[in-house]
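For reference, the structure is listed below as structure tokens.
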């Protein structure tokens, strides 16, 4: 089959690789109809992980079951499914408590596994024509409809970034009426903003510097904050205090709460230096959030931080060690949540919101491509070129058997 393979920093190719097969009675094989290119894939693409060449990429996957193992009873050939990026067993101590992101069985190296990602187990990714899904009944979310229908792109986003955006809002304790600041208007940041609105947030501020991304944030009702125009925390505070309705509702002393109650880092360890965006400063977002989140607020860190970063700016950063404003966070009593998303905790509810027409996360999708265009798409996505906010791969596109 054809698959997207990482060759080294800045290079992927579409290669012929061995077809997957049923290896265990609980496996299923899925013919991929859509796979997403994720911002997390860029960490490997850029050589910012310990990945070795040869990884088949892709942890955002959906398709139709082509074969099931002999022990699979609840799924059958022809079922349409989306696959949470967490590969889980479904029954270990963590899975049984809902923490499928920290499965104790699927990865010999650590708690938690995923498709096509370094350090996350031996599982090939789904930017390919076929994918083996271990523990199939635990790792397949059944979907209605047929491949290529009007909900295809919405359902694909259930594999990762829609639940991830929602998890960020959960960690940040977004409630009806909340004020929220989100740093990063990539796909996860935009869906964190969207999820915050689904949860009833009153004000959502989204910080970035890419015009296309800021425009998308505005279109869903968020307030776009361009960090090139000044420190974003100060911009948000000024916007709130200049609003006569916000200021007029404050009693004496409440100007101390002119920040926001909920903060989300949707950038991670490749954050920009706000004073010089040509440079990285991995703690810049955390520092701004420590400033803008009010006392007694909450912070959700969904942006990726890894134990090893070969491209880190110093020895500490290369080892995943950062100097953080811990004193400011402690003094304010800010609750901090972080880590990978337990996708299955949200998949069914978000799927049903899509089915009911209450959620349409595919507003972030900017381009759909065949497998053959993946190398070019990776390069353009990495450069943040217009039109590459969220790229979906359609393996059947352009193939002789594909419908036109």
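The values are calculated or read from the model by the stated rules, or taken from the named source; none is laboratory data. Fair warning: this is a prediction, and the values are worked out from it, not measured in the lab. FYI the Cβ positions are ideal-geometry reconstructions off the backbone, even for glycines, and counts take in every protein chain you see.
Any idea which of 180, 188, 118 is surrounded by 20 or more Cβ atoms within 10 Å (Cβ to Cβ) and within 30 Å of residue 373 (Cα to Cα)?
188
Output yes when any residue across the range 179-186 is touching a residue at least 12 places away in the same chain (Cβ under 8 Å) and either in a helix (DSSP H, G or I) or not assigned by TED's automatic domain parsing to the domain that holds residue 228 (or both), and no when none is.
Within the range 179-186, none of the residues are touching a residue at least 12 places away in the same chain (Cβ under 8 Å) and either in a helix (DSSP H, G or I) or not assigned by TED's automatic domain parsing to the domain that holds residue 228 (or both).
Kindly indicate which of 81, 17, 28, 72 is modelled with pLDDT of 95 or more, buried (at least 23 other Cβ atoms within 10 Å of the Cβ) and assigned by TED's automatic domain parsing to the domain that holds residue 140.
Residue meeting the stated conditions: 28.
Listed here are the residues, each with its yes/no results for (1) in contact with a strand residue (DSSP E or B) (Cβ under 9 Å, 6 or more places away or on another chain); (2) closer than 30 Å to residue 196 by Cα.
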| position | (1), (2) |
| --- | --- |
| 319 | no, no |
| 323 | no, yes |
| 332 | yes, yes |
| 354 | no, yes |
| 365 | yes, yes |
| 368 | yes, yes |
| 372 | yes, no |
| 386 | no, yes |
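Right, residue 285: part of a helix (DSSP H, G or I), crowded, with 16+ Cβ neighbours inside 10 Å and on the phi < 0 side of the Ramachandran plot or not?
Here the answer is yes, as residue 285 does meet what is asked.
What tally of residues in the range 242-282 results from selecting those that are under 16 Å from residue 205 (Cα atoms), in a loop (DSSP other than H, G, I, E, B) and in contact (Cβ under 8 Å) with a residue 40 or more places away in the chain?
Of the residues in that region, 3 qualify.
With respect to residue 331, is the statement that it is assigned to a helix (DSSP H, G or I) and not assigned by TED's automatic domain parsing to the domain that holds residue 84 true?
Considered against the rule, which asks whether it is assigned to a helix (DSSP H, G or I) and not assigned by TED's automatic domain parsing to the domain that holds residue 84, residue 331 comes out as yes.
What are the residues in the range 364-374 that are surrounded by fewer than 17 Cβ atoms within 10 Å (Cβ to Cβ) and in a helix (DSSP H, G or I), if any?
Hit for the range 364-374 is 372, nothing else.
Going by the conditions given, is residue 174 in a strand (DSSP E or B) and under 20 Å from the mean Cα position of the chain (by Cα)?
Criteria not met by residue 174.
For residue 320, are the conditions met, namely being assigned by TED's automatic domain parsing to the domain that holds residue 180, surrounded by fewer than 18 Cβ atoms within 10 Å (Cβ to Cβ) and in contact (Cβ under 8 Å) with a residue 12 or more places away in the chain? So that I can check it myself, show each step before the final result.
Details: assigned by TED's automatic domain parsing to the domain that holds residue 180: yes; surrounded by fewer than 18 Cβ atoms within 10 Å (Cβ to Cβ): yes; in contact (Cβ under 8 Å) with a residue 12 or more places away in the chain: yes.
So residue 320 fits the description; yes.
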